[in-house]
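Worksheet for the structure shown next.
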Amino acid sequence: QSEEIQKRLEKIHLANLIRWRFGRIIEKFILVDRALWQIEKGHHAKLYQVFDATLSPRNTVLYISKD
């Protein structure tokens, strides 16, 4: 294979390592940031864990109501 393809595959691999290691933390940070933004707009925002994290790391839901 060409050197360019090898470099591209290495970048993809490194990006996957970063996503695997920090993905859940980044997703939680984004959800908290969105919740705070909604609270600043006058809405009620809550984060819920909908099932066990061992089933999937994407187990958090952001619920927003206008009350």
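The values are calculated or read from the model by the stated rules, or taken from the named source; none is laboratory data. All of these numbers come straight from a predicted model, not from anything done at the bench. Reconstructed Cβ throughout: ideal geometry from the backbone, glycine too, with neighbour counts over all protein chains shown. Quick note on the areas: whole protein, heavy atoms, side chains included, nothing else; ligands and nucleic acids left out. Shrake-Rupley method; radii C 1.70, N 1.55, O 1.52, S 1.80 Å.
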Long-range lysine pairs (8 or more apart or interchain), the chain, Cα under 29 Å: 6
For the stretch 21-61, using Cα atoms only, the Rg and Dmax in Å read 11.4, 34
Return the carbon/sulfur percentage of the accessible area of the chain, one whole number, probe 1.4 Å, all protein chains in place. 60 percent
Leaving out ligands and nucleic acids, and using a 1.4 Å probe, what accessible area per residue does the stretch 18-64 come to in Å²? 86 Å²
How big, in percent, is the set of alpha carbon pairs in the stretch 1-42 lying more than 11 Å apart? 69 percent
Cα long-axis angle, helix 3-40 against the chain (0 to 90 degrees, to the nearest 10): 10 degrees
Net +/- balance of residues flanking residue 35 in space, Cβ distance below 12 Å, scoring K and R +1, D and E -1: +2
May I ask you to evaluate 6.51 cos²θ - 1.76 cosθ + 1.60, the Karplus curve with θ = phi - 60°, for each residue of the stretch 48-54 and list the ³J(HN,Hα) values in order in whole Hz, giving x for glycine and proline? 10, 8, 8, 7, 4, 5, 5
